[in-house]
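Worksheet: one structure, shown below.
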Amino acid sequence: MGSYLLRRMLIALVSLVGVTFITFLLIFLVPGDPAEMVAEARFGHAVGDREVELVRVMEGFDQAIPTQYWRWMGHLLSLDLGHSLINRKPVLELIRSRLPATLLLAFSSLLISLVIALPAGLLAALRKDTWLDTFARLFALLGVSIPGFWLSYLLIIFFSLQLKILPVSGYGGLKTLVMPSLALGLGMTGLVARLLRASLLEVWQQDYLRAARANGIGERKILFKYALKNAMIPVVTVIGLQLGMLLSGTVIIENIFGWPGLGMLLLDGIFNRDFPIVQGCVLVIAVCFILINVAVDLFYAWLDPRIRWSTGG
Amino acid sequence: MSALLQIDRLSVIYHINGYALPALQEVDLHLAAGEKLGLVGESGAGKTTLAGAVMGLLPRGATVKGKIIFKGKILSPAHFARLRGREMVLIPQNVYNSLNPVLSIGQQMEDLQIEGKIPREKRQATMLNLLQKVRLPRPQAVPGSYPHQLSGGMKQRVLLAMGLSRSPSLVLADEPTKGLDPVRRMGILSLVRELVDRNGQSLVLITHDLNAAVYLCDTVALMYRGQLVEIIPASRLLTAGLHPYTRALLAAAPERGLGIPARVDGPPSPFPLHGCPYSPLCELCLPACRKEKPPLFPVGHGHLVRCGQIA
Ligand SMILES: Nc1ncnc2c1ncn2[C@@H]1O[C@H](COP(=O)(O)OP(=O)(O)O)[C@@H](O)[C@H]1O
Ligand SMILES: [Mg+2]
């Protein structure tokens, strides 16, 4: 148990350091001279060379990249992500004010996904080759294939413009949460339902279920205790991966529905070439991604004792 | 002796891609209370299918005909669920995948003691007692471990302990020594005999080891391609086996003690639906054998043979 966790934590730590480095390098990937961008933001559009050079020295843009990275990391460790070039607010403040909206959206997508996908996959497997199975599989295929942004517009047309029961966009209350959550979570719903069905059908063939039945274990227990825990092992992996996809999906979905989260902040930052914002958002999203992976690894170990006790590679 | 289990003209047909495979053909079998029966035949003979039919555990889509009478009652699908684990139990064939990989041995064993509200300490004690009975080394360490931490022999003992936990009157053991090394094999077999004898349980031992059947059982039934070809008291098998298939097994088996020699492991020809199942390989085959299946013919001492030369 210990060695497995230690290994996963180590991998997470290395990923974290890698992420900070790549995020730092984002400054140089944005076209233009960072010193000039900062000077423009500070002194207005008509900056002269003097101001640019002043900023370059003050902010250390003239130094070697490792030195700059070291300095940037120093700020990062004291939770200083810099200031927005546009409105001069601390990036951390901005992120802190936007993060709850994104987490709410991601969490409710996950919830809706699982609430639909798990029973659907289960029923499809139990009622294999009936109309119910066919329907669930068709639905899952659609879910996987339809892009989120397209579904967003379909939902808006149907629920907002035709039925007029949900607002087109906005933030606040359950009504505004429904459409973005559905649009964001549909891909995951389809995937998880399909996978659970396949995985359960596979487990259904296993000798240990026949042996449990031969020992008189009832069907309900067979399904929920003996089969499902095994069937969930591959599903959990995919849910973990999909959660990462979900986070990146928020960038598009938030902008369609005017959802004031991290994704919207990031996109605005990109359009405004506000690189501290871009860096901050990317960093936070990446850290969330890594944390999710650690959580999935823990859950995985709880599910599968073969992993929990393994010591080698 | 009164019959505990009686099987009456039992036929099972599997359907694979629209092709019907008769895995059992009109099998008649009788098992007295406390009797130990060895069911011997090469793989594919239908031994596991027979056990599955008795337990009501055949795969969906298998067609079953005939009657299974247990303690005087004709079993219907509704009965099996109530009898399994309590009255009859199957020690499964595949040791390596018959314990749930994600549940501890303790969790799996506790699920077998669900009747009534038993206090936790009592459950633990019962469990430990069972594990001791099957002579597991360090039994107190077993409940907390997971299947992948146990060796094949230990798994087999755990499965045995689970099967015997509610003292069912009928124990079906499907090749309980398959995949174990010869030293362990003997240990498991004597353990099975000892436990079953102590409780006066009836046993159906499925094996393709003639010696194991003779050592453990009162009666041996030989199966070939879904049909019983000979039923014989175990004590007479080695000297008085009559059916050509039995004789071929005997000729090849005693020195090696296990396995099915290549000579009797027939070519994958289609099942002959008419005539004796062994006729394509039989040296004593008569023209009549190919046309009509000979009956199981009694030759005295509870010995029955299905052979055209004898009937
Ligand atoms: N689930 C199944 N579906 C189709 N055919 C099967 C199935 N199980 C067994 N069979 C076939 O039925 C025959 C008898 O199999 P089985 O009862 O497992 O024999 P044994 O246990 O004596 O080796 C074999 O020809 C086997 O291929
Ligand atoms: Mg078998």
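The values are calculated or read from the model by the stated rules, or taken from the named source; none is laboratory data. These numbers come from a predicted model, not from an experiment. Cβ: placed from backbone, ideal geometry, glycine included. Neighbour counts: every protein chain shown.
Quick check: anything in region B:11-24 within 21 Å of B:F297 (Cα to Cα) and more than 14 Å from ligand 2 (Cβ to nearest atom)? Yes, region B:11-24 contains at least one residue that is within 21 Å of B:F297 (Cα to Cα) and more than 14 Å from ligand 2 (Cβ to nearest atom). Each residue in region B:42-81 was checked for being on the phi > 0 side of the Ramachandran plot and not in a loop (DSSP other than H, G, I, E, B), and 1 of them qualify.
In this entry, B:R184 is excluded by the filter for residues that are in contact (Cβ under 8 Å) with a residue 12 or more places away in the chain, basic (K, R) and within 19 Å of B:E87 (Cβ to Cβ). Restricting the search to region A:40-70, which residues are of a type in the set (G, A, S) and either touching a residue at least 24 places away in the same chain (Cβ under 8 Å) or more than 18 Å from A:L81 (Cα to Cα) (or both)? Once the filter is applied, which keeps residues that are of a type in the set (G, A, S) and either touching a residue at least 24 places away in the same chain (Cβ under 8 Å) or more than 18 Å from A:L81 (Cα to Cα) (or both), region A:40-70 yields A:A41, A:G44, A:A46, A:G48, A:A64. Condition check for B:G44 on (1) within 15 Å of ligand 1 (Cβ to nearest atom); (2) surrounded by 23 or more Cβ atoms within 10 Å (Cβ to Cβ): one failure, at (2). The residues in region B:162-194 that are away from ligand 1 (no atom under 16 Å from the Cβ), β-branched (V, I, T) and more than 14 Å from chain A (Cβ to nearest Cβ) can be counted, and the count is 3. From the list B:P119, B:P59, the one residue that fits, being within 16 Å of ligand 2 (Cβ to nearest atom), more than 30 Å from B:Y215 (Cα to Cα) and not aliphatic (A, V, I, L, M), is B:P59. Taking the residues in region B:145-155 that are away from chain A (no Cβ under 12 Å) and not hydrophobic (A, V, I, L, M, F, W, C) as candidates, determine which candidate is farthest from ligand 2 (Cβ to nearest atom). Across region B:145-155, the extreme among qualifying residues is B:S151.
So is B:A53 within 14 Å of chain A (Cβ to nearest Cβ), touching a residue at least 12 places away in the same chain (Cβ under 8 Å), buried (at least 23 other Cβ atoms within 10 Å of the Cβ) and within 16 Å of ligand 2 (Cβ to nearest atom) or not? Spelling it out, B:A53 is indeed within 14 Å of chain A (Cβ to nearest Cβ), touching a residue at least 12 places away in the same chain (Cβ under 8 Å), buried (at least 23 other Cβ atoms within 10 Å of the Cβ) and within 16 Å of ligand 2 (Cβ to nearest atom). Residues in region B:63-73: is at least one among the β-branched types (V, I, T), within 30 Å of B:D8 (Cα to Cα), crowded, with 19+ Cβ neighbours inside 10 Å and within 7 Å of another protein chain (Cβ to nearest Cβ)? The answer is no, given that none of the residues of region B:63-73 is among the β-branched types (V, I, T), within 30 Å of B:D8 (Cα to Cα), crowded, with 19+ Cβ neighbours inside 10 Å and within 7 Å of another protein chain (Cβ to nearest Cβ).
Checked against (1) within 14 Å of another protein chain (Cβ to nearest Cβ); (2) over 15 Å from the mean Cα position of the chain (by Cα); (3) within 12 Å of ligand 1 (Cβ to nearest atom), B:A78 meets all criteria but (3). The residues of region B:28-49 that are away from every other protein chain (no Cβ under 14 Å), within 15 Å of ligand 2 (Cβ to nearest atom) and farther than 12 Å from B:T207 by Cβ, listed by number, are B:G44, B:G46.
Each row is one residue, and each column tells you yes or no for (1) away from every other protein chain (no Cβ under 14 Å); (2) among the hydrophobic types (A, V, I, L, M, F, W, C).
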| position | (1), (2) |
| --- | --- |
| A:S152 | yes, no |
| A:F159 | yes, yes |
| A:G172 | yes, no |
| A:V178 | yes, yes |
| A:G190 | yes, no |
| A:E202 | no, no |
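The condition of being modelled with pLDDT of 90 or more, more than 12 Å from every other protein chain (Cβ to nearest Cβ) and assigned to a helix (DSSP H, G or I) does not hold for B:Q124.
Within 16 Å of ligand 1 (Cβ to nearest atom) and farther than 30 Å from B:N211 by Cβ, is that true of B:G52? Answer is no for this residue. Just to be sure before I move on: is B:G72 within 16 Å of ligand 2 (Cβ to nearest atom) and at pLDDT below 95 in the structure I sent? Here the answer is no, as B:G72 does not meet what is asked.
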